[in-house]
Every structure is written in structure tokens, then in C-alpha cells.
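The values are calculated or read from the model by the stated rules, or taken from the named source; none is laboratory data. A quick note: this is a predicted structure, and the numbers were derived from the prediction, not measured. These area figures cover heavy atoms from the full protein model, side chains too; ligands, DNA and RNA do not enter into them. Shrake-Rupley method; radii C 1.70, N 1.55, O 1.52, S 1.80 Å.
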Amino acid sequence: MAENRYGKTTKRVSAARGGNSSAKSTAKKAAGIGAAVVTAKAITRAHPKTVAAVIITFILSLALGVGACFFLNRNDVFDMLGEEYVTLEIGEGYLDEGVKIVEFGRDISDKVQIETSMRYENGKYYAEGEETAYYISYTVNTLKFGKIYPVKKIRIVTFVEPTEEDAIAAAGD
């Protein structure tokens with residue numbers, strides 16, 4: 001008998017009870033290998049009709065899953081309405097036509113996020129500064145077109161000086 005730090009009498013732990021950790025881990029590994037061998041033998045002993053049923057079920061499930069994905073995504077689009085490249089005269093405003101987004105059969109065009117280098121005023125985009133080329137980019141933060149297949153559409157708007165003919169025509173009106 002031995003005493004612990006509180007002065008109580010305790011029994012000593014035998015070596016068999018604590019055990020050797022490396023011996024335990026070796027035994028566990030052997031049991032894992034044994035379990036794998038037993039599982040492999042059970043599969044090979046399975047009735048051929050059972051194996052065929054499992055394989056056919058797997059193939060049918062896979063085909064149904066692929067078919068469902070194609071069915072749900074058959075009409076999905078992320079299209080820009082209007083022209084991709086727009087040319088306007090300086091001082092003229094651009095009325096954006098936007099994008100059409102259909103994801104999993106639902107129209108989510110209202111969830112579009114627009115980023116631009118132009119100034120937005122009264123529903124139109126105007127040139128800001130002395131630059132001649134500007135952009136409008138469209139993205140969406142949804143599952144398909146935001147995370148799985150990220151899509152970003154960009155419209156280029158170029159502002160040019162009016163020609164003499166345009167100035168004469170405008171003065172005549």
C-alpha cells in the first residue's frame with residue numbers, strides 16, 4: 001500500500017491495468033485490418049443478385065440525379081440586354097437596359113449588383129471627368145451565378161465629341 005499526496009492509503013496500479021500504449025495501438029490496427037478483411041469477405045460472399053441490385057440502384061440514382069440537374073437548369077441564363085459596346089456624345093446620358101438573370105427557373109434580375117465608373121443621375125448614367133471610356137459591370141451573389149459559376153458581364157460606354165454634321169443638325173432643329 002502507498003499513500004497519495006492527501007495522506008490516504010491507495011493500492012498500486014499494476015502494469016497489466018495501465019497497459020502498454022504501443023501494444024494497444026498495435027492491437028487496434030490489427031483489429032482494423034481484420035475488420036476490413038471481414039468486410040471484403042462478406043462482399044465477395046454476397047449473392048450475385050444482391051450485388052446486381054446494388055449496382056443497378058447506384059446507376060439509376062446517378063442517372064436520376066444528373067437528369068434532375070439538367071431539368072432544373074435547362075432555362076438558366078445570365079444575358080446582357082442591349083449592346084455590349086455603346087457610343088454616345090459627350091453630355092448625353094445613357095439609359096441602362098440591365099441584364100436578364102434566370103437561375104433554377106426563377107427570374108432574379110432584381111438581385112443584380114451594378115458597379116460603374118460613371119455618375120448616376122435621374123435614371124441615367126453620365127460621363128464623369130475627362131475620360132472617354134467607362135464601364136458598367138453586372139454581378140450577382142447567388143448560388144449558381146455567384147458562387148458555383150461566377151459570372152460578370154461588362155458593358156463599355158464610350159463618349160465622343162460631336163461631329164460638325166451633328167452640331168449643324170442640332171442647330172437646325
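Some values worked out for this structure:
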| item | result |
| --- | --- |
| Percent carbon-and-sulfur accessible area, segment 96-173, ignoring ligands, DNA and RNA, probe 1.4 Å | 49 |
| Solvent exposure of segment 89-173 as accessible area per residue, Å², 1.4 Å probe | 66 |
| Cα-only radius of gyration and Dmax that characterise segment 45-108, units Å | 24.4, 82 |
| Cα gyration tensor shape for segment 62-173, rounded if a/c is under 1.5, else prolate or oblate | prolate |
| List 87, 50, ordered by accessible area with a 1.4 Å probe, largest first | 87, 50 |
